[in-house]
Amino acid sequence: MGRRILPVHGWVAHLALLLLMSLASALHGEPPVEPFPCQRRVQIAPATPLPEVVVAEFFTHGELHPKGANLAVLDTLDRPVPWRVLQIGPGDFCRLAFQTTRGVRQYRILYGGARSERAPAWTSAAGLLFVARRWKPCNLNRFASVKEAFTSAEHLGSDYVAAVSHHYNPCAPDEGPFLSLYHGALRIDHAGKYVFFTASQDCSFLLIDGKEVVAAPGSHGPVRDARLKGEVTLTAGSHRFEYYHAAASDTCCMLAAWQPPGGAKPELIPTRAFAGAEVVRLTPGPCQHRTRGRLPELTVSILGEVSLATSDLPLIRVQFGESAATTRLRYQWDFGDGQTTTATDPSHIYLAPGIYTVKLTTPQGAAVMNRVGIHRPLLLTEPKKGPDRLLEYRSVLDHYDTTTLNTRLLLQLVHASDEMGLGERAVKMGKARLLTLGAKKEEEDAVYALVKVIGPMLRDRFDDPAGAVAVWKAAADHLRRDTWKLECELEAADICLADLDDRRTAKALLESAAARVARLATPSLVSRFSRIQGDYHARVGNGAAARKAYALAEKTRGTRLATTEQNAWRGAYTRSTEVYLRDRELERALAELRRWQEQFPTDRSEGYLPLLQARYWLARGKPERVDLLANELLVLNRDSPYVDQLLFLAGECEEKLGHRERALAHYRTLATDYPGSPLVKAARAKLSSVAPKPENEKKPLKK
């Protein structure tokens, strides 16, 4: 189909019409609306005083330019009013402020598209504005250094606040160290001498009309009295107020107070001193899209959190809703973490802070997506209820679809489930994820963190060493970083030898690890590789190679201790392990034995370490592992002063297992090779009682 060609007089008339429309628009101060596909209305209630400044917050569903260029605010006569973008992000969040026009109570916020719009000059001095910027190193003792760092640092966000009084960053709750500035016009009604005070975590500097009045330089905690103060004589009228602050750690505190002339005691600088009543917050109406009509309006309330003992990240409780929802019909929610629901106003538990793409579909089929920043709650929103407790979250977490979670969030669910007493469920979901990694693209650090939790749980708590080997091997196959692959291979090899007596698999793992050890040459990993290699040699009967490997492991460990220090450490390991075994604190005994073995691998040859390991396994109900330890000690050091005790213990264990020939072999070795042992008499008695009767021995006749 060809393009339509207007006759000459037709296109001339069309062009003239366009020019006339453009001229009429210019005369009335009306900018073209078409380039902005989205608009929201803001209505100031008729019965309320007309404020100078309105602050509005809303989600932009991906339509807003990252720096807010494609945005404008118009009054009812379609005249641009001064506006300023206070904060964009996290995600699709936007906070802006605009000045009102005298007598006008309805405004439109336009955004989206490709148009770039410049705001009229800002003229209002009402309100106290807080500005947060990303941390930048500076000298906390010098105001000039702090100010220079603030001026050049990246902007995080701004907001109008009631006073200089915060113990968090109101613009970026999850941000670590940051720089901030409170500034506004301080209205002085009565001239006279004013005393200003500051209390802050780390440095703060309060300035009036550009002159420093009071300061708390350096890195420190907040003072709890009024000692940091400064006096200044002020005339009636408006004065420039500035309060710079640097929070150099994850904790912060900012507070500014004053004592006016005639004041009885210091007090927070009140909101009225900054004409705070002239700034109001209003919720804009839902987005009207030029082609899609009214979009669903997402409401988000961050209500609570629960910290986990085993994770640095908290769980976050969030309440969602749709502003116009008046029906109990099914809404479809996708929370951006793989979880969904059809509730109208669902409560959801996020496993970690972050930015999630939340999609809402109404019963009528309208849909909207917003990238929502989920962070720790700024304040306790339900003070009567008190802090959240983990068990209160179980009803939501029980319905999580673990197959749709990424590995980082699955790890959080593992931690939470374990802390709720659901360890079996935790290890089951973690094991399933690790064994199905395959060629999937996963965050390697999350996989590595997950296997370091699930592997030990399988091995020690749930007595599944074979499962532990499987997950360590799966992680080693998936990870690309040599250090992590090596750690996984060594863990699997250690379990194969110590728990399973699977020499073939252990040998293959050690051969694979050997090349990486040669490349990395990290002392701790070289030491661990040599120690496990020594265990393998001892298991297959090569005592000389085992002793050499243990000596290398101890030498390359990287810690040089004097003989007295070594003896002290050995004594500490010995005593603590004996006490834990006596009191049947088996988890602590095992941890102590492993630390002892890693720090002093050559003690395997000395003999007392394997003897206590044998007693541990006997206490755990694993007598079959005592035989292996006895045989290894014979290979490593037949002259050990503890070999007779270990042989006798191994014989008793083999008796319990019904292995008569093995038991006799241990007793016979003890009685024959160690005639000076106090256990020889008991060993000979065992030989008599355990030895089979001769076949030709006649049984006594029954009377």
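The values are calculated or read from the model by the stated rules, or taken from the named source; none is laboratory data. Treat the numbers as computed from the prediction; the structure is a model and nothing was measured. Backbone-built Cβ (ideal geometry, glycine too); neighbour counts: all protein chains shown.
Residues in the stretch 146-158 that are in contact with a Cys (Cβ under 6 Å, 6 or more places away or on another chain) and within 19 Å of Gly89 (Cβ to Cβ): how many? Full working, then the answer.
Within the stretch 146-158, the first condition is being in contact with a Cys (Cβ under 6 Å, 6 or more places away or on another chain), and the residues that meet it are 146, 149, 156-157.
Filter once more, keeping what is within 19 Å of Gly89 (Cβ to Cβ): 156-157.
Within the stretch 146-158, residues that are in contact with a Cys (Cβ under 6 Å, 6 or more places away or on another chain) and within 19 Å of Gly89 (Cβ to Cβ) number 2.
Across the stretch 252-285, what is the total count of residues that are on the phi > 0 side of the Ramachandran plot and out of contact with any Gly (no Cβ under 7 Å at 6 or more places or on another chain)? Full working, then the answer.
Within the stretch 252-285, the first condition is being on the phi > 0 side of the Ramachandran plot, and the residues that meet it are 262, 275.
Retained after the next criterion (residues that are out of contact with any Gly (no Cβ under 7 Å at 6 or more places or on another chain)): 262.
Of the residues in that region, 1 qualify.
What do you reckon, is Cys496 under 20 Å from Arg408 (Cα atoms), part of a helix (DSSP H, G or I), at pLDDT 95 or above and outside the structural domain of Leu634 (by TED's automatic domain parsing)?
no
Pairs under 8 Å by beta carbon, first residue charged (D, E, K, R) in the stretch 36-49, partner part of a loop (DSSP other than H, G, I, E, B), six or more apart or different chains?
Arg40/Pro284; Arg40/Gly285; Arg40/Pro286; Arg40/Cys287; Arg41/Pro284; Arg41/Gly285
Identify all residues within the stretch 469-526 that are under 26 Å from Pro623 (Cα atoms), surrounded by fewer than 16 Cβ atoms within 10 Å (Cβ to Cβ) and within 25 Å of the chain's Cα centre (by Cα); write none if there are none.
Correct list: empty.
Quick one: count up the residues across the stretch 189-219 that are in a loop (DSSP other than H, G, I, E, B) and under 15 Å from Ser238 (Cα atoms). Working first, answer last.
Just the residues of the stretch 189-219 that are in a loop (DSSP other than H, G, I, E, B), to begin with: 189-191, 201-203, 209-210, 217-219.
From the residues that got through so far, the ones that are under 15 Å from Ser238 (Cα atoms) too are 189-191, 209-210.
Residues meeting the conditions: 5.
Just to be sure before I move on: is Ser395 of a type in the set (S, T, N, Q) and within 14 Å of Leu308 (Cβ to Cβ) in the structure I sent? Break it down into steps so the answer makes sense when it comes.
Values: of a type in the set (S, T, N, Q): yes; within 14 Å of Leu308 (Cβ to Cβ): no.
Answer is no for this residue.
For Gly293, are the conditions met, namely being on the phi > 0 side of the Ramachandran plot and small (Gly, Ala, Ser)? Full working, then the answer.
Values: on the phi > 0 side of the Ramachandran plot: yes; small (Gly, Ala, Ser): yes.
Yes, satisfied.
Restricting attention to the stretch 534-573, and to residues there that are out of contact with any helix residue (DSSP H, G or I) (no Cβ under 6 Å at 6 or more places or on another chain) and aliphatic (A, V, I, L, M), which single residue is nearest to Glu632 (Cα to Cα)?
Per the criteria, the residue is Val540.
Answer with yes or no whether Leu110 is of a type in the set (A, V, I, L, M), more than 26 Å from Ala172 (Cα to Cα), modelled with pLDDT of 95 or more and part of a strand (DSSP E or B). Explain how you work it out, then say what you get.
Numbers: of a type in the set (A, V, I, L, M): yes; more than 26 Å from Ala172 (Cα to Cα): no; modelled with pLDDT of 95 or more: yes; part of a strand (DSSP E or B): yes.
It is false that Leu110 is of a type in the set (A, V, I, L, M), more than 26 Å from Ala172 (Cα to Cα), modelled with pLDDT of 95 or more and part of a strand (DSSP E or B).
Give the residue, chosen from Lys441, Lys452, that is in a helix (DSSP H, G or I), basic (Lys, Arg) and over 28 Å from Arg547 (Cα atoms).
Selected residue: Lys452, the only one of Lys441, Lys452 that is in a helix (DSSP H, G or I), basic (Lys, Arg) and over 28 Å from Arg547 (Cα atoms).
Residues Ala449, Ala468, Ala476: which one is at pLDDT 95 or above and either in contact with a Pro (Cβ under 8 Å, 6 or more places away or on another chain) or not assigned by TED's automatic domain parsing to the domain that holds Ala492 (or both)? Show your work before the answer.
Numbers: Ala449 fails: either in contact with a Pro (Cβ under 8 Å, 6 or more places away or on another chain) or not assigned by TED's automatic domain parsing to the domain that holds Ala492 (or both); Ala476 fails: either in contact with a Pro (Cβ under 8 Å, 6 or more places away or on another chain) or not assigned by TED's automatic domain parsing to the domain that holds Ala492 (or both).
Of Ala449, Ala468, Ala476, the one residue that is at pLDDT 95 or above and either in contact with a Pro (Cβ under 8 Å, 6 or more places away or on another chain) or not assigned by TED's automatic domain parsing to the domain that holds Ala492 (or both) is Ala468.
Where residues in the stretch 114-144 are of a type in the set (Gly, Ala, Ser) and surrounded by fewer than 17 Cβ atoms within 10 Å (Cβ to Cβ), which of them is nearest to the chain's Cα centre (by Cα)? Before the answer, list the steps.
Of the stretch 114-144, the ones of a type in the set (Gly, Ala, Ser) are 114, 116, 119, 121, 124-127, 132, 144.
Add one more test, that the residue is surrounded by fewer than 17 Cβ atoms within 10 Å (Cβ to Cβ), and what stays is 114, 116, 121, 125, 144.
Working: Ala114: 37, Ser116: 38, Ala121: 42, Ala125: 40, Ala144: 35 Å.
It comes out as Ala144.
Enumerate the strands (runs of 3 or more DSSP E) found wholly within the stretch 237-294, keeping only those where 1 or more residues are aromatic (Phe, Trp, Tyr).
Details: elements: 237-247, 254-259, 279-281.
Qualifying strands (runs of 3 or more DSSP E): 237-247, 254-259.
Within the stretch 434-488, track down each residue that is of a type in the set (S, T, N, Q) and touching a Leu at 6+ places or on another chain (Cβ under 9 Å). Spell out how you get there, then give the answer.
Step one: list which residues in the stretch 434-488 are of a type in the set (S, T, N, Q), which gives 436, 483.
Scanning the stretch 434-488 gives a single hit, Thr483.
Name the residue, out of Ala538, Ala546, Ala589, Ala551, that is without any contact (Cβ under 8 Å) to a residue 60 or more places away in the chain, over 27 Å from Arg481 (Cα atoms) and not assigned by TED's automatic domain parsing to the domain that holds Phe600. Spell out how you get there, then give the answer.
On the way: Ala538 fails: without any contact (Cβ under 8 Å) to a residue 60 or more places away in the chain; Ala546 fails: without any contact (Cβ under 8 Å) to a residue 60 or more places away in the chain; Ala589 fails: not assigned by TED's automatic domain parsing to the domain that holds Phe600.
Of the residues listed, the single one that is without any contact (Cβ under 8 Å) to a residue 60 or more places away in the chain, over 27 Å from Arg481 (Cα atoms) and not assigned by TED's automatic domain parsing to the domain that holds Phe600 is Ala551.
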